[in-house]
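Novice: Supplied in structure tokens, the structure appears directly below.
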Amino acid sequence: MLSNFHTHTYRCKHAFGTEEDYVLSAVRSGLSQLGFSDHAPFPDQDFGYRMDYSELQDYLDTIDSLNNKYQSSIRLFKGLEIEYHPEYTDYYRQLLEEKGLDYLALGEHIYHSRSGELKNIFFAESTDDVMDYAENICKGLETGLFRFVAHPDLLFINDLPIDENTEAACSMIIECASKNHVILEYNANGYRREKHLYPDGLRHPYPHPFFWNKVAKTDIQVIVGSDCHTPEQLYDNSVESARESALQLGLKLTDSLFY
Ligand SMILES: [Zn+2]
Ligand SMILES: [Zn+2]
């Protein structure tokens with residue numbers, strides 16, 4: 001079965017296409033399940049690169065009505081890609097229980113550092129930052145609120161050497177996912193980003209084999225996610241490359257979050 005559970009829309013202000021554009025692209029590519037996971041708003045804080053809170057209800061209503069309209073071709077799911085901040089635990093529950101979301105994907109971009117400062121993993125300055133990032137993910141997974149971790153190896157986007165902190169951070173994320181039975185996402189969007197010369201060589205920023213070779217030694221379930229920001233990307237060559245690499249790495253792939 002073909003599916004995708006990491007899909008953005010125009011609402012996050014850095015992706016293109018309406019929900020219906022993505023449904024049509026998914027149907028054309030032969031997908032039977034499509035989950036929307038646009039960048040989630042927080043009710044009282046704007047961390048940037050995400051939909052406004054005022055858009056949330058329309059996003060959910062739109063997916064519901066498209067699910068009816070296209071029910072003979074595809075099954076749609078309502079999700080959000082969202083960071084874990086402990087002070088928003090009630091909000092995550094409200095999204096799942098009152099707003100009727102089918103799932104939350106933990107997409108950690110903005111996180112709390114050990115000094116209490118909010119930092120962005122795209123701009124980690126040291127592997128201490130990377131450790132803090134992993135700890136935040138771990139705490140999030142322990143809540144049981146998240147169905148999968150989006151790009152759990154996003155930390156490799158930084159121009160940092162791979163050291164004992166990197167090793168510990170990767171192990172921490174993998175052990176937490178395993179203990180809490182959370183799926184890890186093998187993210188195709190990393191293949192859309194250009195190769196760059198990092199301290200460990202020329203490569204895409206992620207997915208990184210350093211992380212995934214460790215995952216391959218566990219029973220953790222892995223899902224390939226498109227992380228598409230245009231309808232054309234939904235099932236493109238990057239998704240095919242990601243799927244092939246994931247199989248070569250010996251990862252235990254699952255097709256769906258919902259059976
Ligand atoms: Zn995005
Ligand atoms: Zn995403």
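Novice: Residue under question is TYR70, and the condition is that it be away from ligand 1 (no atom under 15 Å from the Cβ) and closer than 26 Å to LEU2 by Cβ; does it hold?
Specialist: On the way: away from ligand 1 (no atom under 15 Å from the Cβ): yes; closer than 26 Å to LEU2 by Cβ: yes.
Yes: the conditions hold for TYR70.
Novice: If a residue must be of a type outside the set (Phe, Trp, Tyr), more than 13 Å from ligand 1 (Cβ to nearest atom), farther than 18 Å from SER238 by Cα and loosely packed, with under 15 Cβ neighbours inside 10 Å, how many such residues does region 28-56 contain?
Specialist: So the count comes out to 7.
Novice: Suppose we keep only residues that are under 20 Å from the mean Cα position of the chain (by Cα) and more than 16 Å from ligand 2 (Cβ to nearest atom) within region 100-122. Which one would you say is modelled with the lowest pLDDT? It would help to see each step written out before you state the result.
Specialist: First, the residues of region 100-122 that are under 20 Å from the mean Cα position of the chain (by Cα): 100-112, 118-122.
Filter once more, so that each one left must be more than 16 Å from ligand 2 (Cβ to nearest atom): 100, 102, 112, 118-119.
Details: GLY100: 98, ASP102: 98, HIS112: 90, LEU118: 93, LYS119: 94.
Only one residue fits best here, namely HIS112.
Novice: Conditions first: (1) over 16 Å from TYR103 (Cα atoms); (2) loosely packed, with under 15 Cβ neighbours inside 10 Å; (3) modelled with pLDDT of 95 or more. THR62 passes all but one, so which condition is the exception?
Specialist: Among (1) over 16 Å from TYR103 (Cα atoms); (2) loosely packed, with under 15 Cβ neighbours inside 10 Å; (3) modelled with pLDDT of 95 or more, the lone unmet condition for THR62 is (2).
Novice: Right, another one. Does region 194-217 hold any residues that are assigned to a loop (DSSP other than H, G, I, E, B) and touching a Gly at 6+ places or on another chain (Cβ under 8 Å), and which are they? Break it down into steps so the answer makes sense when it comes.
Specialist: Residues of region 194-217 assigned to a loop (DSSP other than H, G, I, E, B): 194-195, 199-200, 204-208, 217.
Answer for region 194-217, where residues must be assigned to a loop (DSSP other than H, G, I, E, B) and touching a Gly at 6+ places or on another chain (Cβ under 8 Å): HIS204, PRO205, TYR206, PRO207.
Novice: Take region 14-55 and flag every residue that is polar (S, T, N, Q) and either touching a helix residue (DSSP H, G or I) at 6+ places or on another chain (Cβ under 8 Å) or away from ligand 2 (no atom under 13 Å from the Cβ) (or both).
Specialist: THR18, SER25, SER29, SER32, GLN33, GLN45, SER54 - these are the residues of region 14-55 that are polar (S, T, N, Q) and either touching a helix residue (DSSP H, G or I) at 6+ places or on another chain (Cβ under 8 Å) or away from ligand 2 (no atom under 13 Å from the Cβ) (or both).
Novice: In region 33-66, which residues are part of a strand (DSSP E or B), in contact (Cβ under 8 Å) with a residue 24 or more places away in the chain and either within 20 Å of PRO86 (Cα to Cα) or in contact with a strand residue (DSSP E or B) (Cβ under 6 Å, 6 or more places away or on another chain) (or both)?
Specialist: GLN33, LEU34, GLY35, PHE36, SER37, HIS39, PHE42
The values are calculated or read from the model by the stated rules, or taken from the named source; none is laboratory data. Since we're looking at a predicted model, the values are computed, not measured. Positions of Cβ are generated from backbone atoms using ideal geometry, with glycine treated the same way; all protein chains shown enter the neighbour counts.
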